[in-house]
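Encoded as structure tokens, the structure appears first; notes follow it.
The values are calculated or read from the model by the stated rules, or taken from the named source; none is laboratory data. Every value quoted in this text rests on a predicted model; they were computed, and no experiment measured them. In this analysis, Cβ positions are derived from the backbone assuming ideal geometry, glycine residues included, and neighbour counts consider all displayed protein chains. Note: areas computed on protein heavy atoms with side chains; ligands, DNA, RNA excluded. Shrake-Rupley method; radii C 1.70, N 1.55, O 1.52, S 1.80 Å.
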Amino acid sequence: VVWQLLTREEPFSKVSQIEAAGKVALELARPPFPRDTPIQVMSFISQCWSEDPEKRIPFDLIKTELKEMQKTLSKVDREFLEVAFGHPVYEIPTSTE
């Protein structure tokens with residue numbers, strides 16, 4: 001969900017849901033991060049996606065983790081995250097309209 005908030009896209013939108021499920025289950029594929037995604041955000045999302053349940057952030061700590069991350073983000077990183085149209089990785093806009 002955090003990846004979708006960041007990109008405003010559906011993961012693996014260029015392939016069918018069956019193919020996407022297969023890529024995730026069999027190849028451990030994950031959607032790409034937008035260029036310039038803050039390291040803290042990539043790390044958080046990657047932890048949530050971990051194959052090993054013990055390495056995932058427990059659901060009850062997600063809010064705490066997000067608040068802590070917010071404290072450490074630079075002004076540039078916060079501005080990156082506040083872009084209203086997101087940072088697509090599949091459907092790159094061709095104009096700024």
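Given Cβ point charges of +1 (Lys, Arg) and -1 (Asp, Glu) and nothing else, what value in debye, to the nearest 20, does the dipole of the stretch 1-72 about its Cα centre take? Provide the component values of the computation, followed by the final result.
Working: 10 positive and 11 negative charges, 49 e Å.
Once rounded to the nearest 20, the dipole reads 240 debye.
What does a probe at residue 62 reach in the stretch 4-29, counting residues whose amide N is under 12 Å from the point 7 Å along Cα→Cβ?
Of the residues in the stretch 4-29, 4-5 have backbone N under 12 Å from the label point off residue 62.
Spin-label point model (7 Å from Cα, Cβ direction): what's the residue 24 to residue 49 distance in nm?
1.1
Please calculate how many Å² of accessible area the stretch 1-90 carries per residue, with a 1.4 Å probe and no DNA, RNA or ligand atoms counted. All intermediate terms of the calculation are to be shown ahead of the outcome.
Working: 6440 Å² over 90 residues.
So the stretch 1-90 comes to 72 Å² accessible per residue, rounded to a whole number.
Based on C-alpha coordinates, I'd like the Rg and Dmax of the stretch 40-80, in Å.
11.2, 33
With just the Cα atoms of the chain, tell me how far they stretch along each of the three principal axes, in Å, largest first.
43, 39, 18
Can you list the trypsin sites (Lys or Arg not before Pro) in the stretch 2-97 that are in a DSSP coil and have 11 or fewer other beta carbons within 10 angstrom?
Here the sparse-neighbourhood loop sites are 14, 35.
Count neighbours as other Cβ atoms within 10 Å of each site's Cβ, and list the chymotrypsin sites (Phe, Trp or Tyr not before Pro) in the stretch 1-95 that are DSSP loop with at most 10 such neighbours.
Numbers: sites: 3, 12, 44, 49, 59, 80, 85, 90; in loops: 12, 49, 85, 90.
Listed in order of number, the matching sites are 85.
Excluding ligands and nucleic acids, what accessible area in Å² is computed for residue 18 using a 1.4 Å probe, to the nearest 10?
Here the residue's solvent-accessible area equals roughly 140 Å².
Quick one: pull the percent of accessible area on the chain belonging to carbon and sulfur, 1.4 Å probe, ligands and nucleic acids left out. Mind dumping the intermediate values first?
On the way: 4150 of 7290 Å².
Solvent-exposed carbon and sulfur of the chain make up 57 percent of the total.
Could you name the lysines in cross-link range of residue 75, using Cα to Cα under 26 Å and dropping any fewer than eight places away on the same chain?
By straight Cα distance, residue 75 reaches 63, 67.
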